1. What FRET efficiency do you get for residue 122 and residue 40 if R0 is 41 Å and r is their Cβ-Cβ distance, rounded to the nearest 0.05?
2. With every protein chain present, what accessible area does residue 129 have (1.4 Å probe, heavy atoms only), rounded to the nearest 10 Å²?
3. If R0 is 22 Å, what FRET efficiency do you get for residue 109 and residue 81 from their C-beta distance, rounded to 0.05?
4. Round to the nearest 0.05 the FRET efficiency obtained for residue 33 and residue 97 when R0 = 30 Å and r is the Cβ-Cβ distance.
Amino acid sequence: MKSLRGTSVLTAIRNRLDCWYARQGLATELEQLAPGEADRIMHDIGISMSDMAAISKPHAGPRVLLPQRLEAVGLDPAYLAMDPLYRDMERTCMRCTSWRKCARDLAANDAQSGLDHYCLNAQTIDALLTNRPDVVL
């Protein structure tokens, strides 16, 4: 039991460091743009100001937690990543404020709790599970 807890603590520390490095890199890049250039780029690629705010304060959700949740419910995140819907799911996950609770639930092997209570992608995941063709081996 201690090694599982130790592993989740190390994973949490690594995720925080990854997020910190990502924020520093994005902040540096944005500072180097000419005035108005960031607005033009956001408009060109279809990112809103709220998306940009979420991107500038990233957390482990889209990169780590979303794939973990999908695997936990029996979906293949690598396969889904080829679908444009996955990008929307990442964006939704990026805006989530319950990512810490999500990380705790997934570490406890409880993917269903998030789908029942707080996951912003719950309806999409349910739709993917419902529309998945049954494969008989």
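1. With a Förster radius of 41 Å, E is 0.70.
2. Near enough 50 Å² of accessible area.
3. That gives a FRET efficiency of 0.45.
4. It comes to 0.60.
The values are calculated or read from the model by the stated rules, or taken from the named source; none is laboratory data. Predicted model only: the values in this text are computed from it and were never measured. Glycine also receives a Cβ, built like all others from the backbone with ideal geometry; neighbour counts cover every protein chain displayed. The area values use the complete protein model at the heavy-atom level, side chains included, leaving out ligands, DNA and RNA. Shrake-Rupley method; radii C 1.70, N 1.55, O 1.52, S 1.80 Å.
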